[in-house]
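The values are calculated or read from the model by the stated rules, or taken from the named source; none is laboratory data. Predicted, not measured: the structure shown is a model, and the values here were computed from it. Note: ideal-geometry Cβ built from the backbone for every residue, glycine included; neighbour counts use all protein chains shown.
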Amino acid sequence: MQIDVTLPPDWSAEQYALLDAGDGYKLERFGGVTLARPDPQALWPRRLLPAVWDDADATFSREAEGDEATGRGTRWTTRRDLPAAWPVRWRDLTLLARLTPFKHTGIFPEQAAHWDWIARRVRAAGPRQVRALNLFGYTGAASLAAAQAGAQVTHVDAAPKVLEWARENQALSGLQDAPIRWLVDDAQKFVRREARRAAHYDIIILDPPAFGRGAKGEVWKFETALPALLADCRAILSERPLGIVLNSYSIRASALLLGNLLGTMMAGHRVAGAITTGELALAENGTGRLLATAIYARWASA
């Protein structure tokens with residue numbers, strides 16, 4: 001298993017930095033805004049003085065019965081007036097950050113490791129037109145990275161407001177004319193319809209939640225729904241697939257589990273490939289101490 005660490009030049013220090021982590025929280029800078037957010041992986045003592053943490057522009061907290069997954073019983077405490085949204089740049093992409101009731105900002109900086117990997121797979125195909133499918137695509141950074149590298153992209157998410165956010169990122173990144181289909185849909189139902197239509201994709205990106213609901217209230221549970229979804233995804237792979245990314249923030253899962261699921265999905269496929277599994281991590285500014293954020297498995301054609 002490997003660890004993909006997000007470090008400069010993945011992000012310039014002015015655009016993103018993990019300033020400190022500890023005591024169940026992390027202190028980050030997104031653009032010019034400093035945020036303190038809970039993180040269950042940060043169990044060690046904080047390094048910076050309390051005054052530094054207390055000076056954060058906004059701090060996320062939840063009540064005893066609050067739920068970050070639904071946003072109920074959570075709140076941001078702001079110490080300065082902040083815009084409703086502000087731009088953060090990653091290389092040639094511009095992504096909007098927002099304070100959401102779910103603790104997130106719409107930007108997952110550790111995912112830059114996947115964005116780079118996807119772009120490399122697209123470019124390695126040369127003049128061939130690559131078709132990419134991004135399921136649970138959220139605010140679209142992976143879709144934009146794939147499109148910028150030359151892929152035709154289909155982006156699927158069940159939340160209409162998230163799709164609006166992704167389109168904003170597309171416009172701010174100067175990719176208005178990029179071939180991206182933005183679809184509000186349930187991931188599994190969409191994949192099954194694509195199989196009936198005999199549609200095929202060269203790259204498939206999946207970042208499923210631990211629990212969620214589809215566009216029409218469909219219930220998604222990671223443990224029961226993911227194996228079936230991967231089996232359906234096998235049916236829409238092209239004859240010459242390039243890669244699959246399977247990412248998870250579910251702390252009940254493991255990288256080994258994801259690797260086994262991908263191995264089952266690709267068993268017997270006519271195109272040989274290799275699976276790598278690992279963790280995504282952020283490097284703390286000044287110390288290089290790593291904060292684990294997510295697990296993944298990736299399949300790449302030989």
So Val153 ticks every box in (1) assigned to a helix (DSSP H, G or I); (2) in contact (Cβ under 8 Å) with a residue 12 or more places away in the chain but one. Which box is left unticked? (1)
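Give me the residue from the range 42-80 that is among the basic types (Lys, Arg) and surrounded by 12 or more Cβ atoms within 10 Å (Cβ to Cβ) and, out of that set, modelled with the lowest pLDDT. Before the answer, list the steps.
Keep residues of the range 42-80 that are among the basic types (Lys, Arg), which gives 46-47, 62, 72, 75, 79-80.
Going one step further and asking which of them are surrounded by 12 or more Cβ atoms within 10 Å (Cβ to Cβ), we end up with 46-47, 62, 72, 75, 79.
Values: Arg46: 97, Arg47: 97, Arg62: 78, Arg72: 65, Arg75: 92, Arg79: 96.
So, considering only residues that are among the basic types (Lys, Arg) and surrounded by 12 or more Cβ atoms within 10 Å (Cβ to Cβ), the one modelled with the lowest pLDDT is Arg72.
Would the range 261-270 turn up any residue that is closer than 19 Å to His155 by Cβ and assigned to a loop (DSSP other than H, G, I, E, B)? Walk me through it before giving the result.
Of the residues in the range 261-270, the ones closer than 19 Å to His155 by Cβ are none.
For the range 261-270, residues closer than 19 Å to His155 by Cβ and assigned to a loop (DSSP other than H, G, I, E, B): absent.
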Those residues that are under 14 Å from Leu290 (Cα atoms) and either part of a helix (DSSP H, G or I) or touching a helix residue (DSSP H, G or I) at 6+ places or on another chain (Cβ under 7 Å) (or both), I need them from the range 47-56; list them, please. none
Which pairs turn up if I take residues in the range 7-26 that are farther than 19 Å from Ser61 by Cβ and look for partners that are modelled with pLDDT of 95 or more and aromatic (Phe, Trp, Tyr) with beta carbon separation below 7 Å, at least 6 apart in sequence or on another chain? Trp11/Trp90; Gln15/Trp90; Tyr16/Phe30
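Which residue out of Ala132, Ala119, Ala112 is within 13 Å of the chain's Cα centre (by Cα) and either among the charged types (D, E, K, R) or within 22 Å of Ile295 (Cβ to Cβ) (or both)? Give the derivation first.
Details: Ala132 fails: within 13 Å of the chain's Cα centre (by Cα); Ala119 fails: within 13 Å of the chain's Cα centre (by Cα).
None of the others qualify; the one that does is Ala112.
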